[in-house]
Amino acid sequence: MRVLVVEDDRLLGDGLVAGLKALGNGVDWVRDGEAALVALEAESFAAVVLDLGLPRRDGLSVLRQMRARSDATPVLVLTARDEVSAKVEALDLGADDYVLKPFDLDEIAARLRALVRRSRGRPVPMLRHGELMLNPATREVRVGDEPLALTSREFDLLSLLLEGKGRVQTRRTLEEQLYAWGESIGSNALEVHVHHLRRKIGGEMIRTVRGVGYMMMDDESAQA
Ligand code: CA
C-alpha cells in the first residue's frame with residue numbers, strides 16, 4: 001500500500017522509509033507540515049505516519065486541517081513518551097492510532113495494516129475472490145491450496161482491485177496508489193501488470209473498462 005511519512009528527523013525518517021519499503025509498501029516522505037498537506041491534496045494514500053513536532057506546521061495542525069477538509073486518510077501519530085497531552089489531543093482531532101518513539105518498525109507496519117483495514121470497513125484481514133485468497137499481512141496469495149507467485153507490483157495491484165471489487169477503478173487512481181513520486185511510470189506499465197496478473201489468476205476476473213480503468217468482477221458475475 002502507499003504510505004505518506006511525515007517526519008523531519010532525517011535518521012528516523014530514513015529508517016522508517018527504508019523499513020516500510022522493505023515490507024513492500026510504496027512510501028513518500030515529506031519533512032514538514034505544509035508539505036504534508038500539499039502531498040495529501042495532490043495524491044491519495046492508504047495511510048499517513050505523522051510526527052507531531054514538525055517545522056512550518058506541527059502535526060496536530062496538519063491533522064486538524066486534514067479532518068477540516070474532510071480528508072479521512074487514516075493517520076498513525078508518532079509521539080515521544082513525554083507528549084501525553086499531545087497524544088490525547090491527536091486522538092481527539094481524529095488520529096486513528098499512535099506509536100511511541102522509539103518505535104519498532106514491525107509494530108508500525110502492523111498498526112498501519114490494521115487501521116487501513118478498519119478504514120476500509122474490512123474486519124477480516126484476508127481478501128478473497130472465489131478460490132483466490134490474499135493475505136495483506138504476509139503478502140501471500142493462494143488459489144485454493146496452491147501458493148501463487150506474484151511480483152510486488154502485481155500483489156499491490158491485486159490488493160487494490162480486490163479491495164474495490166465490483167466497482168470501476170480509474171487508471172489514475174490505481175497508478176497513484178501503485179507508484180511513489182519520482183518513480184517513472186511507463187505509459188503502458190499498468191496494462192503490463194494487469195496482463196501478467198490475468199495470466200496468473202485467470203483472465204475473466206479483471207474487466208477492462210475502455211478509456212476508464214479496470215474492475216474486479218464480483219464473485220457471482222465472475223462465475224456466471
Ligand atoms: Ca520531529
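Figures for the structure shown
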quantity: Conditions (1) under 21 Å from the mean Cα position of the chain (by Cα); (2) within 15 Å of Val5 (Cβ to Cβ): number failed by Met126; calculated: (2)
quantity: Tally of residues being away from the ligand (no atom under 12 Å from the Cβ), in a helix (DSSP H, G or I) and open to solvent by less than 50 Å² (accessible area, probe 1.4 Å) across region 20-35; calculated: 2
quantity: Single condition Ala42 does not satisfy, out of (1) closer than 18 Å to Leu115 by Cα; (2) open to solvent by 10 Å² or more (accessible area, probe 1.4 Å); calculated: (1)
quantity: Residue match in region 83-106 (condition: free of Cβ contacts under 8 Å to residues at least 40 places away in the same chain, under 15 Å from the mean Cα position of the chain (by Cα) and surrounded by fewer than 18 Cβ atoms within 10 Å (Cβ to Cβ)); calculated: no
quantity: Test for Leu12: is it within 16 Å of the ligand (Cβ to nearest atom), at negative phi and assigned by TED's automatic domain parsing to the domain that holds Arg67; calculated: yes
quantity: Residue match in region 62-78 (condition: under 30 Å from Gly202 (Cα atoms) and crowded, with 17+ Cβ neighbours inside 10 Å); calculated: no
quantity: Unmet requirement for Tyr214, which otherwise passes all of (1) surrounded by fewer than 19 Cβ atoms within 10 Å (Cβ to Cβ); (2) at pLDDT 90 or above; calculated: (1)
quantity: Region 74-92, residues that are assigned to a loop (DSSP other than H, G, I, E, B) and within 24 Å of Met1 (Cα to Cα); calculated: Pro74
quantity: Out of Val48, Val17, sole residue that is away from the ligand (no atom under 12 Å from the Cβ), buried (at least 22 other Cβ atoms within 10 Å of the Cβ), without any contact (Cβ under 8 Å) to a residue 60 or more places away in the chain and not in a loop (DSSP other than H, G, I, E, B); calculated: Val48
quantity: Hey, Asp58 farther than 28 Å from Glu163 by Cα, touching a residue at least 40 places away in the same chain (Cβ under 8 Å), surrounded by fewer than 18 Cβ atoms within 10 Å (Cβ to Cβ) and within 12 Å of the ligand (Cβ to nearest atom) or not; calculated: no
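The values are calculated or read from the model by the stated rules, or taken from the named source; none is laboratory data. Predicted model, so just to flag it, every value in this text is computed and none were measured. Positions of Cβ are generated from backbone atoms using ideal geometry, with glycine treated the same way; all protein chains shown enter the neighbour counts. Keep in mind that these areas ignore ligands, DNA and RNA; they rest on the heavy atoms of the full protein, side chains included. Shrake-Rupley method; radii C 1.70, N 1.55, O 1.52, S 1.80 Å.
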